[in-house]
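Q: Got a structure for you, written out below as structure tokens; questions coming shortly.
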Amino acid sequence: MVLVGVLLTLVAVVSLMLVCGTLLCIDREQLRQTRRELRPRLILVAPSIALLATVLILNSLTRRAAQSFSWLIGFNITNDIYRVEGDFVPWLQTFATHELTVYFSFIYLFGYVFLLVFPLLAYLALSDQRTLHELTIAYAANYGLGLLCYVIFIAYGPRNMDIAAQLMYDFYPQSQFLTSAVNVNTNVFPSLHTSLSATVMIFAWHTREQYPRWFLLAQVIGASVIVSTMYLGIHWLIDVIAGIVLAYASVLIGQRYADDWRELTSVAPATLARQVRHRF
Amino acid sequence: MTGRTDRTSRRALLTGAAALAGSTAGCFDRLRVSVDRNPPEQVSLTIKVVPRDEDRAPIRIAQHLTENLERAGAAVDIEPTTEEQLLRDVLINFDYQLYIGRHPGHDDPDYLYTLLGSRFGEEPGWQNPFGYSSAAADDLLERQRTVDGDERVERFTDLQNATLVEAPISIVAYPDEPRAVRTDRFGGWTSPSLEYPLGYLSLEYEEIEDDDRDEGVLYIGLNDRRPTRNLNPFAVEFRDRGVITGLLYDPLGRRIGGSVEPWLAEGWEWGGTEERPRATIRLREELSWHDDEPITAEDVAFTYEFIADTTMEPQEDPVVPSPRFRTQSTLVDSIDVVDDRELDVHFTAARESIAERAFTVPIVPRHVWEEQTEMTSFAGFDIDHVTEALVWENAEPVGSGPFRYADATADESLTFERNDEHFLQTADSLSGAVAGYAERPVYEGIHFDFVPSDASALDLLEGGQLDATAYGLAPEELPAASRASDLAVENEPTSSHYHIGFNTRNAPLSNPQFRYAIARLVDREHVYESVFERYATPAYSPIAASQYVSEEFQWDPEGVGEHELSFVGREDGEVGVVDAERARELFRDAGYRYSEDNELLVQQ
């Protein structure tokens with residue numbers, strides 16, 4: 001019941017942000033053209049979106065199984081992380097103020113979702129659809145590789161070691177219904193908040209000519225999301241660094257395989273159909 | 001001439017060779033003597049605890065102990081792990097060095113019989129997970145069962161003296177369970193509280209206007225996901241006190257107001273000798289399981305044989321007792337079924353007052369559980385010596401209790417409904433203490449909801465989506481709970497304790513002196529004030545919550561620093577911070593050495 005409330009708030013706030021983002025960053029003529037070409041563009045991007053959706057669904061279906069499996073074979077690296085980086089996160093929290101907590105909690109929950117959804121719309125509005133394909137493949141790579149890491153590594157965040165305060169959950173306790181519904185508290189290495197944000201930031205750099213305002217907005221929100229993961233005591237610095245590495249790898253994967261995937265999915269059904277016809 | 005020269009030179013050569021050989025041997029001896037010694041290394045310890053999300057107290061005690069151990073020169077790691085995994089590591093696989101955990105509590109100090117008894121060191125469960133062995137303790141544990149009154153007090157005094165200083169377990173505190181409860185729909189939250197199944201039975205229900213929840217349903221917040229996935233009363237890593245399964249499964253007798261009173265049993269008559277009693281038990285009329293099968297004396301006999309050996313083949317190896325109810329199963333020697341409703345229980349050496357603890361075991365249906373006696377073939381731990389009975393989720397339990405299972409969503413919720421066939425509802429007249437529970441519960445059912453944190457539980461309570469929490473709230477949430485209208489905080493002490501457990505199977509923790517030194521690094525006053533914010537009773541004794549505790553082992557806030565087991569001393573009077581020099585002295589007294597940099601050393 002609480003979860004539904006939190007979700008509705010999330011949808012409402014993010015929708016509002018998307019509208020504002022669209023008005024701010026995408027020009028009218030582009031939007032009109034997108035509306036005209038919406039169908040062919042969507043058909044073109046469908047395979048990539050399908051891959052992303054598959055990864056997300058698999059991710060949520062296997063989360064519990066992956067978790068059990070992880071306890072069986074994984075490495076508990078919580079203390080190793082703590083020993084390497086020490087009290088960085090508690091130090092960061094010494095700068096905490098109420099205003100910062102409100103800001104970073106907002107960014108962590110709403111800003112993050114906006115940051116991930118907006119570029120999908122923005123790149124759909126570009127006449128060249130390649131970036132959109134690359135981005136969706138990169139998202140899928142982030143989730144896929146992230147899940148693999150979560151199976152191999154068990155790590156609790158600084159707030160669970162009780163060396164850092166859990167600022168967001170103290171300030172907005174309902175949010176824990178959402179975060180505990182979409183993830184498990186041992187999945188902190190690497191930080192997917194960081195890796196997905198950094199992915200968006202890298203793509204925003206690539207498209208800075210087409211979307212100069214989005215480029216600036218993405219850097220500000222992305223950097224804030226990354227800081228918020230640590231400020232709120234949820235992630236270690238090492239999770240963030242690993243998240244940036246993961247983002248870089250995912251962008252490369254997106255750029256390298258976007259075409260292959262599109263070709264495969266456009267050719268494969270036809271080939272398959274031909275073979276089936278051939279056989280009967 | 002040549003020959004002489006030859007001879008001389010040969011002799012010289014031989015002499016030289018011999019000398020060389022001799023000196024080489026000396027050199028190698030020296031090399032061997034000095035190099036073939038393993039250098040001592042810094043003591044390295046790992047403390048296992050549950051993360052803050054599951055319980056805040058243990059990790060804070062662990063942080064405190066770690067700081068003081070590091071001041072004493074040891075290297076310490078804290079390894080957070082889920083409650084389920086912790087119990088599996090500690091109670092089943094013995095895969096730990098130290099842990100800080102919570103014992104589920106006890107009704108009688110006889111629980112030490114298995115917690116500290118040497119012969120239980122190889123068994124899973126809260127059966128000596130420490131691998132501790134002491135002939136003196138074993139003898140006292142055996143003897144306390146056959147005496148009562150002052151004599152039993154004496155046995156326990158001796159036991160505490162014999163074991164506390166070298167014990168593998170160092171008690172830190174008995175936490176209070178401050179529950180936040182709503183008072184608009186339900187009343188009667190105290191005596192007994194939700195700490196016991198009877199607490200759920202004694203609640204009063206009152207309809208309110210504009211109730212947007214299901215009428216007559218009690219909404220309870222859980223901070224533990226395990227009951228939504230597993231309702232097996234014998235699975236030790238999924239149960240704490242077993243309150244929730246205690247609502248589904250009835251025992252022969254329940255503890256009401258301190259003594260064991262007939263429950264499924266109509267009554268019992270004692271026979272046999274004073275030291276080896278026998279009880280003739282008669283079941284109530286027309287009892288039935290939740291699937292409408294009748295409850296017979298055969299089910300009862302089955303249950304006791306089953307908890308003693310879940311393979312149901314006691315003549316054959318392996319014997320796999322249930323890791324829960326182990327002290328109770330050691331009390332029962334044999335059972336004779338007389339007829340459908342009557343049976344004779346023969347006890348091992350124990351007084352009646354101790355033997356009757358065996359009646360509190362949940363009785364399970366034979367027709368369900370006899371399917372679970374095979375060895376299991378797949379699980380998260382060793383499978384050679386585990387029966388299906390111990391790993392089975394029992395997702396749709398068939399019990400006999402006042403509530404029956406209705407529904408569950410893994411990791412989210414669990415729903416029970418009132419069992420209208422229960423004897424409390426159907427019996428024409430009840431006598432004795434059980435009469436106080438006639439026609440109870442008065443409400444329709446219970447809905448348990450997992451809540452991810454105490455703060456969100458409080459939020460739900462205030463919003464009227466929950467009526468109470470099944471567990472005590474963290475102290476930092478209590479001020480807000482007491483301020484909220486419609487909410488009350490019901491606080492009560494428990495028999496459950498937080499403790500440091502030592503795995504005595506390996507050095508250096510096999511050394512009682514070493515364990516003793518560690519136990520003395522805990523500043524209980526600091527823990528009391530800052531971890532529990534005074535919602536706890538600091539303690540030294542595992543039976544501090546009973547009348548058998550020795551006075552000298554009682555917590556005495558005035559006597560800080562003068563106790564045989566108390567904190568070794570503060571640095572410059574700073575609360576919680578150990579005096580490093582005195583801490584090192586403790587380990588030196590125990591025979592350990594230090595490096596130049598004050599590292600506590602141990603020979604590897």
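Q: Determine which single condition residue A:38 fails, assuming it passes every other condition in (1) over 15 Å from residue A:127 (Cβ atoms); (2) surrounded by fewer than 14 Cβ atoms within 10 Å (Cβ to Cβ); (3) within 25 Å of the chain's Cα centre (by Cα).
A: So residue A:38 meets the others, but not (1).
Q: I'm checking my understanding of the structure. Among residues of region B:449-508 that are of a type in the set (S, T, N, Q) and within 12 Å of chain A (Cβ to nearest Cβ), which one is surrounded by the fewest Cβ atoms within 10 Å (Cβ to Cβ)?
A: It comes out as B:465.
Q: Out of region A:84-102, which residues are free of Cβ contacts under 8 Å to residues at least 40 places away in the same chain and under 12 Å from residue A:163 (Cβ atoms)?
A: A:86, A:91, listed by residue number.
Q: If we scan region B:193-202, do we find a residue that is touching a Pro at 6+ places or on another chain (Cβ under 8 Å), among the aromatic types (Phe, Trp, Tyr) and either modelled with pLDDT of 95 or more or closer than 30 Å to residue B:417 by Cβ (or both)?
A: Looking through region B:193-202, at least one residue is touching a Pro at 6+ places or on another chain (Cβ under 8 Å), among the aromatic types (Phe, Trp, Tyr) and either modelled with pLDDT of 95 or more or closer than 30 Å to residue B:417 by Cβ (or both).
Q: Continuing with the same structure: So which residues in region B:56-72 are within 8 Å of chain A (Cβ to nearest Cβ) and out of contact with any Lys or Arg (no Cβ under 7 Å at 6 or more places or on another chain)? Spell out how you get there, then give the answer.
A: We begin by selecting, within region B:56-72, every residue within 8 Å of chain A (Cβ to nearest Cβ); these are B:56, B:59-60, B:63.
Matches in region B:56-72: B:56, B:60, B:63.
Q: Given the criteria surrounded by fewer than 19 Cβ atoms within 10 Å (Cβ to Cβ) and over 21 Å from residue A:128 (Cα atoms), does residue A:155 qualify? Spell out the reasoning first.
A: Numbers: surrounded by fewer than 19 Cβ atoms within 10 Å (Cβ to Cβ): no; over 21 Å from residue A:128 (Cα atoms): yes.
Spelling it out, it is not the case that residue A:155 is surrounded by fewer than 19 Cβ atoms within 10 Å (Cβ to Cβ) and over 21 Å from residue A:128 (Cα atoms).
Q: Which of the residues belonging to region A:161-202 are in contact with a strand residue (DSSP E or B) (Cβ under 9 Å, 6 or more places away or on another chain), in a helix (DSSP H, G or I) and more than 9 Å from chain B (Cβ to nearest Cβ)?
A: none
Q: Taking residue A:64 as the residue in question, decide whether it is among the basic types (Lys, Arg), farther than 24 Å from residue A:213 by Cα and away from every other protein chain (no Cβ under 14 Å).
A: no
Q: Considering only residues that are of a type in the set (Phe, Trp, Tyr) and either closer than 26 Å to residue A:236 by Cβ or assigned to a helix (DSSP H, G or I) (or both), which ones fall in region A:203-217?
A: A:203, A:205, A:214, A:215
Q: Still on this structure: Of the conditions (1) within 12 Å of chain A (Cβ to nearest Cβ); (2) buried (at least 21 other Cβ atoms within 10 Å of the Cβ); (3) modelled with pLDDT of 95 or more, residue B:53 fails just one. Which one is it?
A: It fails just one condition, (3).
Q: Can you pull out the residues in region A:178-237 that are crowded, with 17+ Cβ neighbours inside 10 Å and of a type in the set (Gly, Ala, Ser)?
A: Listed by number, the residues that qualify are A:180, A:191, A:195, A:197, A:198, A:204, A:218, A:222, A:224, A:228, A:233.
Q: I need the full set of residues from region B:572-604 which are of a type in the set (Asp, Glu) and free of Cβ contacts under 8 Å to residues at least 24 places away in the same chain, in order please.
A: Once the filter is applied, which keeps residues that are of a type in the set (Asp, Glu) and free of Cβ contacts under 8 Å to residues at least 24 places away in the same chain, region B:572-604 yields B:572, B:574, B:579, B:581, B:585, B:596, B:597.
Q: Spot the failing condition for residue B:415; the list is (1) among the hydroxyl-bearing types (Ser, Thr, Tyr); (2) under 27 Å from residue B:113 (Cα atoms); (3) not in a helix (DSSP H, G or I), and only one is missed.
A: All conditions are met except number (2).
Q: How many of the residues in region A:29-54 are basic (Lys, Arg) and touching a residue at least 12 places away in the same chain (Cβ under 8 Å)?
A: Within region A:29-54, residues that are basic (Lys, Arg) and touching a residue at least 12 places away in the same chain (Cβ under 8 Å) number 1.
The values are calculated or read from the model by the stated rules, or taken from the named source; none is laboratory data. This structure is a prediction, so every number in the text was calculated from the model and none was measured. A quick note on method: Cβ atoms are made from the backbone with ideal geometry, for glycine too, and the neighbour counts reach across all protein chains shown.
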